[in-house]
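J.: Structure below; questions to follow.
The values are calculated or read from the model by the stated rules, or taken from the named source; none is laboratory data. Keep in mind that what you see is a predicted model, and the values were worked out from it rather than measured. Cβ coordinates were reconstructed from backbone atoms using ideal geometry, including for glycine residues, and neighbour counts include every protein chain displayed. Accessible surface areas use protein heavy atoms only, side chains included; no ligands, DNA or RNA. Shrake-Rupley method; radii C 1.70, N 1.55, O 1.52, S 1.80 Å.
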Amino acid sequence: MSNSIYVAAPEGLTGKSMVAVGMIEALTRTVRSVGVFRPVVRSGRQDEILQILVSQPGITQTYEEAVGVTYDELHADADAALHVLVEKCAAIKAKYESVVILGSDYTETTSPTELTFNARVAANLNAPVILVVSGRNRTPAEIRSAAEGGLAEFRAHHAKVIAVIANRVSSLDRASSEEVPAEELEAVRAELAKLPGVVTAALPADRLLAAPRLRAQFEAVEANLVLGNPELLDRESQDILVAAMTLPNVLRRLTPESTIIMPGDRSDMLPGLLLAHASGSFPQLAGIILLGGYEIPDTIARLINSIHNELPIGMTHLGTFTAADKMFRLEGAMTSSPRKVEVARRLFSEHVDVPALLAALQVHRSEVMTPLMFEHQLQDIARNDRRTIVMPESTDDRILESADILLRRGVANLILLGDAQAIKLRAAHLGLGLLGVQVVNPNDPELVEKFAAEYARLRAHKGVTLEQAREKLKDLSYFGTMMVHLGMADGMVSGAINTTANTIRPSLEFIKTKPGVNVVSGSFLMCMPDRVVVYADCAVNPDPTAEQLADIAISSAETAIAFGIEPRVAMLSYSTGTSGTGADVDKVRAATEIVRERRPDLALEGPIQFDAAVDAAVARTKLPDSKVAGRATVFIFPDLNTGNNTYKAVQRSSGAVAIGPVLQGLKRAVNDLSRGALVEDIVNTVAITAIQAQAEPRGENA
């Protein structure tokens, strides 16, 4: 077994850094530690790709620790440089369970020489190779031919290739704004499958990954910023539209995050384009460049200044053909923004058979589960069966930022409640794309009437009238919960602004609990340095009865199972076994018996003290024959005071990552956020909600 993988290409501009990022994510959710190594970097400046690799979650190296040699050192003495590479890589391999090595970029030597060098390095580092070939503007047969040439070179130098990945697959007749057809990808996969003895995959070209920054477009055509927010020049431009037609025809051709280039003497179209950009009914633009050096007339400038506009507008002396030619030639690096990296990760996970690749590499899943591995696992499970989650609190920037991350990672489909124009304007100000998000207006008369009628029907026994129902639905927690109830969404996440009670109350009123469950409770997934356990109830019930405590224990065991944790349930008390008496311990003892009766299949112990539940040495003394003592994974606290304080104490004192609360016992997936939740917390909670929703049938009133 080798603990390293060499990502290389037989040519430039294949996007192999995207594959390296995907491999880092695949390994960090499989093994405890991952390192990176870049054998050759350019002289005199930092390597942007390596900077991205060392900044990935789970990577603890500094840039300097991950560098091999410079091109200058390589040219001065290739053999000496190779010795240095072997020594440096050996030191990294000694520190990490797996190492991702990224080959050179074909920037300072001729391709045949550099391909041979990469083959020699891979062989000397004893690193199996993932060969990345370009699928851009090539037929499936041409892609296979390019792969065969690279395979022959690596094998000639005794380097073992375990996988071939065609990246940026696209055809000449496909417009840049179009998605790669599934049949085109399948044709490439079928052709690559003819290569013997290697894992193969095909990744589609993606507009965003090759998109240049707006600033680069401005510089390419020598444009000066005349209006708009200069900070937005660092956003990507995903398309270019030459607007030499009337406004209605331009509006029909707008695509998300495109740059409009238009004759400067047609500035009368500017107000219409800016209104479309701000309306929420048309795609958001990246920027506008006026051609020919014509100044914006005072009357148009006054009109534009009366509109709150941040969209960058530039002016160049160049004409249409020259400017368009320069701009269409631009391409941005995959490493130019965090959202590109997120898209790269998602495409890799969706189009590469990662288990087959890890098996070929002989990577064995670690028995240890780190917090980062668990977070990756959550998002991976959610991605495999994508569900729709509604998020009512779109006025909070954390919600918008987390939504952008979730969409880019493909964790869930998202619905935001609010005004589409306000949401898109705020997202643009924050530099967020929110591509693919669905915005639902909670003031939509048709939806309000439909939801009010259903709420009044469900609460008729409480005397709720239609007018009262309409008033209640002004609370977006009620509106979002009704979407879940009616099957318009699979789950809801709220609480960044609202209280826990405000989030849960609508669910208790009309979603109700699962059959056989009488109480809703809140658990936390506690990610310790080497494992993940469940704590409950830490969020909802102040002083549960024995029956409620039994419900909480059963629900928590089911939560553990849903997230891949073997449930070994400890019913916690100040006493272990039969050693203590009193009302509190008697309640736990009674609850334990109820659980045994209802779920005899569960590994269960109680009453048990916390130390006996977690410490094997204490367990051997107090409960030597217990299957749970010393190795519990589900901890049921006797009351909210104990549970809430314990999870916070463990979180703060041990550095554990607390994910939750996870609401348990409801028929549908609804979860609450802490009002102090970070963006990362919101992302994890949505992933959890999506996974919970996977266990429930889709559709209205499911």
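J.: Considering only helices (runs of 4 or more DSSP H) fully contained in segment 200-292, which possess at least 2 residues that are more than 15 Å from Pro312 (Cα to Cα) and not hydroxyl-bearing (Ser, Thr, Tyr)?
T.: Working: elements: 207-210, 214-220, 247-252, 270-279.
Of the helices (runs of 4 or more DSSP H) lying wholly inside segment 200-292, those with at least 2 residues that are more than 15 Å from Pro312 (Cα to Cα) and not hydroxyl-bearing (Ser, Thr, Tyr) span 207-210, 247-252.
J.: Would you mind finding the one in Val67, Val40, Val36 that is more than 26 Å from Pro371 (Cα to Cα), in contact (Cβ under 8 Å) with a residue 60 or more places away in the chain and of a type in the set (Val, Ile, Thr)?
T.: On the way: Val67 fails: in contact (Cβ under 8 Å) with a residue 60 or more places away in the chain; Val36 fails: more than 26 Å from Pro371 (Cα to Cα).
So the residue among Val67, Val40, Val36 that is more than 26 Å from Pro371 (Cα to Cα), in contact (Cβ under 8 Å) with a residue 60 or more places away in the chain and of a type in the set (Val, Ile, Thr) is Val40.
J.: Report yes if Val650 is in contact (Cβ under 8 Å) with a residue 40 or more places away in the chain and assigned to a loop (DSSP other than H, G, I, E, B), otherwise no. Don't jump to the end; show me each part of the working.
T.: Details: in contact (Cβ under 8 Å) with a residue 40 or more places away in the chain: yes; assigned to a loop (DSSP other than H, G, I, E, B): no.
Against the criterion (in contact (Cβ under 8 Å) with a residue 40 or more places away in the chain and assigned to a loop (DSSP other than H, G, I, E, B)), Val650 does not qualify.
Table: residues versus (1) farther than 30 Å from Leu208 by Cα; (2) touching a residue at least 40 places away in the same chain (Cβ under 8 Å); (3) charged (D, E, K, R); (4) outside any helix (DSSP H, G or I).
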position: Gly436; (1), (2), (3), (4): no, no, no, yes
position: Asn443; (1), (2), (3), (4): yes, no, no, yes
position: His461; (1), (2), (3), (4): yes, no, no, no
position: Ser477; (1), (2), (3), (4): yes, yes, no, no
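J.: Checking the conditions here, which among Gly22, Gly35, Gly12, Gly58 is among the small types (Gly, Ala, Ser), in a loop (DSSP other than H, G, I, E, B) and within 25 Å of Arg531 (Cα to Cα)? Before the answer, list the steps.
T.: Working: Gly22 fails: in a loop (DSSP other than H, G, I, E, B); Gly35 fails: in a loop (DSSP other than H, G, I, E, B); Gly12 fails: within 25 Å of Arg531 (Cα to Cα).
Answer to the check: Gly58.
J.: Something else now. So how many residues does segment 277-319 have that are of a type in the set (Gly, Ala, Ser), closer than 20 Å to Leu214 by Cα and either surrounded by fewer than 19 Cβ atoms within 10 Å (Cβ to Cβ) or at pLDDT below 90 (or both)?
T.: Residues of segment 277-319 of a type in the set (Gly, Ala, Ser): 278-281, 286-287, 292-293, 301, 306, 314, 319.
In the following step, the residues that additionally are closer than 20 Å to Leu214 by Cα were identified as 278, 286-287, 292-293, 314, 319.
If we keep only those that are either surrounded by fewer than 19 Cβ atoms within 10 Å (Cβ to Cβ) or at pLDDT below 90 (or both) too, we end up with 278, 292-293, 319.
Counting residues in segment 277-319 that are of a type in the set (Gly, Ala, Ser), closer than 20 Å to Leu214 by Cα and either surrounded by fewer than 19 Cβ atoms within 10 Å (Cβ to Cβ) or at pLDDT below 90 (or both) gives 4.
J.: Sticking with this structure for a sec: Report yes if Arg38 is open to solvent by less than 30 Å² (accessible area, probe 1.4 Å), out of contact with any Lys or Arg (no Cβ under 6 Å at 6 or more places or on another chain), farther than 19 Å from Val161 by Cα and among the charged types (D, E, K, R), otherwise no. Let's see the steps before the verdict.
T.: Details: open to solvent by less than 30 Å² (accessible area, probe 1.4 Å): yes; out of contact with any Lys or Arg (no Cβ under 6 Å at 6 or more places or on another chain): yes; farther than 19 Å from Val161 by Cα: no; among the charged types (D, E, K, R): yes.
Taking the combined requirement at face value, the residue does not satisfy it.
J.: Please go through segment 542-580 and pick out each residue that is open to solvent by 30 Å² or more (accessible area, probe 1.4 Å), outside any helix (DSSP H, G or I) and either of a type in the set (Val, Ile, Thr) or touching a Leu at 6+ places or on another chain (Cβ under 6 Å) (or both).
T.: To start, the set of residues in segment 542-580 that are open to solvent by 30 Å² or more (accessible area, probe 1.4 Å) comprises 542-543, 545, 547-548, 558, 561-562, 564, 566, 568, 574, 578-579.
Narrowing the set further to residues that are outside any helix (DSSP H, G or I) leaves 542-543, 545, 564, 566, 568, 574, 578-579.
Selection gives Pro542, Thr545, Thr578.
J.: Related question: Restricting to segment 643-664, name every residue that is farther than 19 Å from Ile682 by Cα and either modelled with pLDDT of 90 or more or of a type in the set (A, V, I, L, M, F, W, C) (or both).
T.: Gly643, Asn644, Asn645, Thr646, Ala649, Val650
J.: Determine if segment 601-622 includes at least one residue that is part of a strand (DSSP E or B), within 15 Å of Ser573 (Cα to Cα), in contact (Cβ under 8 Å) with a residue 40 or more places away in the chain and touching a Leu at 6+ places or on another chain (Cβ under 8 Å).
T.: Step one: list which residues in segment 601-622 are part of a strand (DSSP E or B), which gives 603-608.
Next, only the ones that are within 15 Å of Ser573 (Cα to Cα) stay: 604-608.
Next, from what is left, pick out any that are in contact (Cβ under 8 Å) with a residue 40 or more places away in the chain: 604.
Subsequent filtering for residues that are touching a Leu at 6+ places or on another chain (Cβ under 8 Å) retains none.
No, segment 601-622 contains no residue that is part of a strand (DSSP E or B), within 15 Å of Ser573 (Cα to Cα), in contact (Cβ under 8 Å) with a residue 40 or more places away in the chain and touching a Leu at 6+ places or on another chain (Cβ under 8 Å).
J.: Which condition number in (1) outside any helix (DSSP H, G or I); (2) modelled with pLDDT under 90; (3) surrounded by fewer than 17 Cβ atoms within 10 Å (Cβ to Cβ) is the one that Val180 fails?
T.: (3)
J.: Testing Pro248 on (1) without any contact (Cβ under 8 Å) to a residue 24 or more places away in the chain; (2) of a type outside the set (Asp, Glu); (3) surrounded by 19 or more Cβ atoms within 10 Å (Cβ to Cβ), one condition comes back false. Which one is that?
T.: (3)
J.: Counting just the residues of segment 674-694 that are assigned to a loop (DSSP other than H, G, I, E, B) and under 18 Å from the mean Cα position of the chain (by Cα), which one comes out surrounded by the most Cβ atoms within 10 Å (Cβ to Cβ)?
T.: To start, the set of residues in segment 674-694 that are assigned to a loop (DSSP other than H, G, I, E, B) comprises 674-678.
If we keep only those that are under 18 Å from the mean Cα position of the chain (by Cα) too, we end up with 677-678.
On the way: Ala677: 20, Leu678: 13.
Selected residue: Ala677.
J.: Here's another thing I want to ask about it. Any idea how many residues of segment 591-616 are surrounded by 17 or more Cβ atoms within 10 Å (Cβ to Cβ), small (Gly, Ala, Ser) and farther than 15 Å from Pro567 by Cα?
T.: Total meeting the criteria: 2.
J.: Considering (1) surrounded by fewer than 20 Cβ atoms within 10 Å (Cβ to Cβ); (2) more than 21 Å from the chain's Cα centre (by Cα), say which one Ala323 fails and leave the rest.
T.: (1)
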